[in-house]
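Heads up: the structure comes next, in structure tokens.
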Amino acid sequence: MERTLWLLGGAGLLLGSLLGTTGTPLAAAPQHLGGHGDSSDEHLCLLQDVGAKAVRRRGLQAEVQDGQGPEEVGEFSCVGGSAFSDFPAEIASEQYFWANKNGDALCSGASNHEAPSNISGGPAWSFKDETASIMSSHPCIDDSKDVYLSHRNGKLRKFGADGTLKWTNTDNFDMVAENPQTSQVVTGGPVLLNGSIYTGSTDGYVLCVDMSSGKTRWRQKVAAAMFVDSWSLSGRSGIVLVAAVSVVRPIDVPGGADEIVALDANNGEVLWRWLVPDNKRVYNWLGSFTEAPPSVVFATSEGRPYRVRLCDGKTLWAGPDFAGELGEAPGFSTGGLAMGPNGLAYVTSNVGNGSFAYIKSSFGADARGRLSAYNVSTGQLVWRQEQTMPANNAPSVGSLDGSGSPLSGVVA
């Protein structure tokens with residue numbers, strides 16, 4: 001089925017280009033950390049259904065989280081195929097119309113459904129939070145076309161397709177009445193998975209709410225903190241991924257999250273942590289899912305992509321480091337990575353000047369952006385296009401007209 005590209009917001013159209021494997025090939029090699037395709041014992045993920053017990057996916061044994069210590073379990077290879085035979089196979093976006101930021105498991109920003117072209121009559125309905133709290137994250141839409149909204153003041157709401165308010169969850173609510181616009185409690189864009197909605201807050205908590213009743217299933221402290229702005233959670237196969245801050249620091253450059261935390265979707269227990277290498281950060285994090293083995297692909301705020309195995313957090317490859325002209329350095333970008341259905345991952349990034357003011361320089365008149373395409377299987381750089389303006393949103397990838405036209409990418 002062809003997919004129509006929806007453009008929702010953005011700072012202006014910067015690029016619309018064909019996103020095949022054409023273009024000037026670039027031979028920058030990725031760093032393979034963990035031997036993608038290796039069949040050695042260290043690359044086996046061990047999973048087994050142990051009732052309600054959470055099993056840590058490590059080494060040749062799995063530690064059962066009930067204080068009884070390690071327990072031998074059956075072996076499932078992460079290399080040859082899916083390692084998640086003990087979990088539901090659902091990916092969030094295969095269950096719902098718009099389950100997470102950018103909609104689908106690839107975070108492509110594309111949809112199988114045609115958007116209305118005539119909006120002259122205005123919205124069918126609208127809603128405004130009574131405290132005028134801003135909303136910097138995306139809506140989610142379930143299989144019944146119900147809509148979920150998460151405001152920064154901590155309130156999570158569900159609406160019917162006709163705008164009827166069905167429930168409000170306030171278990172993350174922490175409004176500062178005298179300064180409502182600067183209260184940034186909930187900044188993690190929600191994800192729908194297996195009947196629950198998950199969101200994150202700046203105090204390091206993740207909230208899991210029953211989609212039907214609006215009641216809290218669990219609320220767990222999983223990190224020292226989580227960053228502001230509009231990062232997002234991702235989920236599949238019983239695992240929820242969160243971008244987090246491992247140690248609370250003063251505001252620094254570049255800012256953002258320095259670790260990815262994998263949680264058991266059933267109870268919020270931490271399964272593994274992945275620390276961003278070289279003291280780098282991820283910003284407005286997007287996690288795109290792929291198979292063989294099941295893994296998540298994402299990029300840092302400087303545009304370097306990584307692929308991490310979902311069952312145990314092992315790095316399968318790290319994409320090539322920054323390459324530029326003399327005097328250039330990786331710049332800061334609030335963009336990210338989106339995957340296409342063609343086995344390529346597309347990353348937006350900026351070229352900076354290497355100074356401590358490079359966040360400002362990455363948004364300035366002299367800044368320029370990049371759109372880079374990487375092979376998802378190998379991490380190899382396939383092609384790159386330099387832009388005349390900064391690239392500070394993740395790309396969207398899909399068919400612009402839904403009629404079988406070649407894949408296109410839009411960067412804003």
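The values are calculated or read from the model by the stated rules, or taken from the named source; none is laboratory data. If you're wondering where the values come from, they're calculated on a predicted model, not measured in any experiment. Backbone-built Cβ (ideal geometry, glycine too); neighbour counts: all protein chains shown. These area figures cover heavy atoms from the full protein model, side chains too; ligands, DNA and RNA do not enter into them. Shrake-Rupley method; radii C 1.70, N 1.55, O 1.52, S 1.80 Å.
Quick grid of which residues meet (1) among the hydrophobic types (A, V, I, L, M, F, W, C); (2) without any contact (Cβ under 8 Å) to a residue 24 or more places away in the chain:
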{"site": "T216", "(1), (2)": "no, no"}
{"site": "V240", "(1), (2)": "yes, no"}
{"site": "A265", "(1), (2)": "yes, no"}
{"site": "N279", "(1), (2)": "no, yes"}
{"site": "A292", "(1), (2)": "yes, no"}
{"site": "S301", "(1), (2)": "no, no"}
{"site": "L316", "(1), (2)": "yes, no"}
Exercise for the section: Could you list all residues from segment 220-235 that are open to solvent by 10 Å² or more (accessible area, probe 1.4 Å) and not in a loop (DSSP other than H, G, I, E, B)? Expected result: Q220, K221, A225
Practice task
Collect the residues in segment 321-334 that are open to solvent by 10 Å² or more (accessible area, probe 1.4 Å) and modelled with pLDDT of 85 or more, keeping them in residue-number order.
Solution key: D321, F322, T334
Exercise for the section: Looking for whichever is at pLDDT 95 or above, farther than 25 Å from Q95 by Cα, in a strand (DSSP E or B) and open to solvent by 50 Å² or more (accessible area, probe 1.4 Å) here; the options are R217, R273. Which one fits? Expected result: R273
Exercise for the section: Could you please find all residues in segment 143-171 being open to solvent by less than 60 Å² (accessible area, probe 1.4 Å), within 12 Å of S212 (Cα to Cα) and small (G, A, S)? Expected result: G160
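Among the residues of segment 88-97, is any in contact with a helix residue (DSSP H, G or I) (Cβ under 6 Å, 6 or more places away or on another chain), open to solvent by less than 80 Å² (accessible area, probe 1.4 Å), modelled with pLDDT of 50 or more and part of a loop (DSSP other than H, G, I, E, B)?
So far as segment 88-97 goes, no, none of its residues is in contact with a helix residue (DSSP H, G or I) (Cβ under 6 Å, 6 or more places away or on another chain), open to solvent by less than 80 Å² (accessible area, probe 1.4 Å), modelled with pLDDT of 50 or more and part of a loop (DSSP other than H, G, I, E, B).
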Problem - Any chance G327 is assigned to a loop (DSSP other than H, G, I, E, B) and in contact with a Leu (Cβ under 9 Å, 6 or more places away or on another chain) - result: no
Practice task
List the number of the failed condition for A318; all other conditions in (1) among the small types (G, A, S); (2) at pLDDT 95 or above; (3) touching a Pro at 6+ places or on another chain (Cβ under 9 Å); (4) under 19 Å from G235 (Cα atoms) hold.
Solution key: (4)
Handout entry: The one condition in (1) out of contact with any Cys (no Cβ under 6 Å at 6 or more places or on another chain); (2) part of a strand (DSSP E or B) that S212 fails to fulfil
Key = (2)
Handout entry: Cβ-Cβ under 6 Å pairs, at least 6 apart or on other chains, segment 183-204 side under 23 Å from S144 (Cα atoms), far side of a type in the set (D, E) and open to solvent by 10 Å² or more (accessible area, probe 1.4 Å)
Key = none
Handout entry: Index of the failed condition, A329 passing every other in (1) in contact (Cβ under 8 Å) with a residue 40 or more places away in the chain; (2) over 20 Å from R236 (Cα atoms); (3) over 13 Å from the mean Cα position of the chain (by Cα)
Key = (1)
